[in-house]
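See below for the structure under consideration.
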Amino acid sequence: MGEDAEPTPPPLEPKARYRVGFCQRAAPGAWRDAQTANLHAEAARQHHDLLVETSDSVAAQIAAVERLAAAGVDALFLVPHADPEAARAVLAARDAGLPTVLFETAVDPNLAKAGRDYLCLIAADFAEQGRRCAQFLARVADGKASILELEGTAGTLRAKDRQRGFRGFLTGKVPGQKQGEGFPEMTILGAQVGNFDRAVGRAAFEALWATYPEATAVFAHNDEMALGAIAAIRDAGEQPGETIVVVSIGGTRAGLAAIVGGDLSATCEWSPRYGPTAFLTLARHARGEDLPDRVPNPDRFFDRSNARRHLDQPF
């Protein structure tokens, strides 16, 4: 390597069985449990060994990286903490010689960069989730709807990108649409933050409904807020799924049950199944392939045509 060559992540020796570390965030919840379980299942299916460490802070995650390196792992999967200093754990992995794949969220690119300090980021395409919800709503509403939007936690990438994808589709400003190919008769009457929470989402819907009783549709940034809105819609004497169409994102068991029950019209999955994509990414790196900075983790879309078949969702 010449003096001016850009550094690259550590290599990975091609072999049949890897010992892989997983630095999971210590955030309770069925979704994160399902993510860890899927990684265990995929590691077992491919005859790899998976060592899991959980942490509740950047400092604890750095210590976890060091323990995994001492345990002799070949590579690392890491879920960064929502902290400006999250890149420190990534740099600790790099310094330990571990090729590292990030999950869900990137770190400060001024501190740690994909293709240099870590391999890549595997994450859902949140904007695409929003776009698919808008596409579904445009179809079932025949291109005419008055929409209330329940936003996720302010400032989060999930909330911003889901809104961007949804609104972009309605205005014809997303890739794949021709210029001006939007839906001018689908209007967003109002939006309010619901913090990805059922109770807060219900309160947000009630506040919006009091101002915009002519609404015919709800777009919620997650299933929990949608379920809160559905309860409020019923209390208002309306029929969710009929007089008011509700679409959301999550693909949770509760969301699918609401579709089967007729209250929720559709939900775009936010899949916790990172295992297949993660281990394929390691295999590609071992073969010397160039990796994009971001690798999408695929999500499914559920409506009344397929929700019943997937009611065994683990989250």
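Report the local net charge at residue 155: Lys and Arg +1, Asp and Glu -1, summed over other residues whose C-beta lies under 15 Å from its C-beta.
Combined, the nearby Lys, Arg, Asp and Glu give +1.
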Can you give the FRET efficiency to the nearest 0.05 for residue 57 and residue 293, using r as the Cβ-Cβ distance and R₀ = 22 Å?
0.25
For the residue 280, residue 157 Cβ pair and Förster radius 22 Å, calculated FRET efficiency rounded to 0.05 is 0.40
Calculate the FRET efficiency for residue 95 and residue 41 from the Cβ-Cβ distance with a Förster distance of 35 Å, rounded to the nearest 0.05.
0.70
Could you check the simple spin-label distance between residue 199 and residue 234, using points 7 Å along Cα→Cβ, in nm with one decimal?
1.9 nm
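Sort 120, 133 by Cβ crowding within 10 Å, fewest neighbours at the top.
Working: 120 20, 133 25.
Ordered by Cβ neighbours within 10 Å, fewest first: 120, 133.
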Can you give me the Cα centroid spacing of segment 274-315 and segment 30-106 in angstrom?
18 Å
Could you work out the equivalent-ellipsoid semi-axes for segment 15-93, taking the square root of 5 times each eigenvalue of the Cα gyration tensor, largest first, in whole Å?
21, 16, 8
Taking every C-alpha to C-alpha distance in the chain and binning by 20 Å from 0, the per-bin percentages run 31, 51, 18, 0
Under 16 Å from the residue 303 label point (7 Å along Cα→beta-carbon), backbone N, segment 144-170
144-145, 170
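Arranged by the count of other C-beta atoms within 10 angstrom, fewest first, what order do 128, 289 take? Don't jump to the answer; show the numbers that get you there.
Numbers: 128 19, 289 9.
Least crowded to most crowded, the residues run 289, 128.
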Segment 54-170, dipole about Cα centre (Lys/Arg Cβ +1, Asp/Glu Cβ -1), debye to the nearest 20:
520 debye
Taking 55, 248 and counting other beta carbon atoms within 10 angstrom, the fewest-first order is 55, 248
Point-to-point label distance, residue 30-residue 16, nm (Cα→Cβ direction, 7 Å offset)
3.9 nm
When the helix-only estimate is applied to the chain (DSSP H runs of n ≥ 4, each -39,500 (n - 2.57), divided by the residue count), what is the mean residue ellipticity at 222 nm, nearest 500 deg cm²/dmol?
-11500 deg cm²/dmol
Cα pair distances in segment 126-270, grouped into 5 Å bins until the bin that holds the longest one, percent each:
2, 12, 23, 26, 22, 12, 4, 1, 0
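Which is the longest stretch in the chain that no exposed loop site breaks, taking sites as trypsin sites (Lys or Arg not before Pro) with a DSSP loop state and at most 11 other Cβ atoms within 10 Å?
On the way: sites that count: 15, 17, 178, 287.
Longest stretch, sites excluded: 18-177.
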Rough spin-label spacing in nm, given labels placed 7 Å along Cα→Cβ, for residue 311 and residue 111
4.6 nm
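Coordinate-derived values only; no laboratory data. Given the structure is predicted, the values throughout are model-derived calculations rather than measurements. Note that each Cβ is placed from the backbone with ideal geometry, even for glycine, and that neighbours are counted across all protein chains shown.
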